[in-house]
Amino acid sequence: NAPAILVTMVSGKDAVIIEACKDSKVILQVCEVLNFLFTEESVPKKPMCYKITRWGSDSFSRGSYSFLPPGSSPHDYSMLSE
C-alpha cells in the first residue's frame, strides 16, 4: 500500500480550542474522528508523522489564510499581498 497524506482544517470555536491543546491530544482526537468515519482497517491507529500548525498564534497569519479560485494567477497573489 502506498503511503497517504491526510490534511484537515479546523475552524471556528474548535480551532481556538485545538490551538491550546498539546499535539498528542490533537492527534488522538483526529484519529478518533477518522476511525468513526472510516473502517478500522483503513485507518492507522496513529500517524507515521504529522505537522500541526497554529495559525491563531502565528504573528504573520493571525488565524487567516487566503484562497483563490481556479483560473487565478500568481499576479492575483501579488495583489493580495499589497
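Annotations for the structure displayed:
- Counting the residues of the range 1-40 that are closer than 17 Å to residue 63 by Cβ and in contact (Cβ under 8 Å) with a residue 40 or more places away in the chain gives 2.
- Here the range 6-55 is the region considered, the condition is being more than 27 Å from residue 67 (Cα to Cα), surrounded by 12 or more Cβ atoms within 10 Å (Cβ to Cβ) and of a type in the set (A, V, I, L, M), and the residue that is nearest to the chain's Cα centre (by Cα) is 28.
- If you go through the range 56-66 and pick out every residue that is outside any loop (DSSP other than H, G, I, E, B) and open to solvent by 60 Å² or more (accessible area, probe 1.4 Å), you end up with 1.
The values are calculated or read from the model by the stated rules, or taken from the named source; none is laboratory data. Quick caveat: nothing in here was measured; it's all calculated off a predicted structure. Here the Cβ is made from the backbone with ideal geometry for all residues, glycine too, and neighbour counts use every protein chain on show. To get the accessible areas, we keep the full protein, side chains included, count just its heavy atoms, and leave off ligands, DNA and RNA. Shrake-Rupley method; radii C 1.70, N 1.55, O 1.52, S 1.80 Å.
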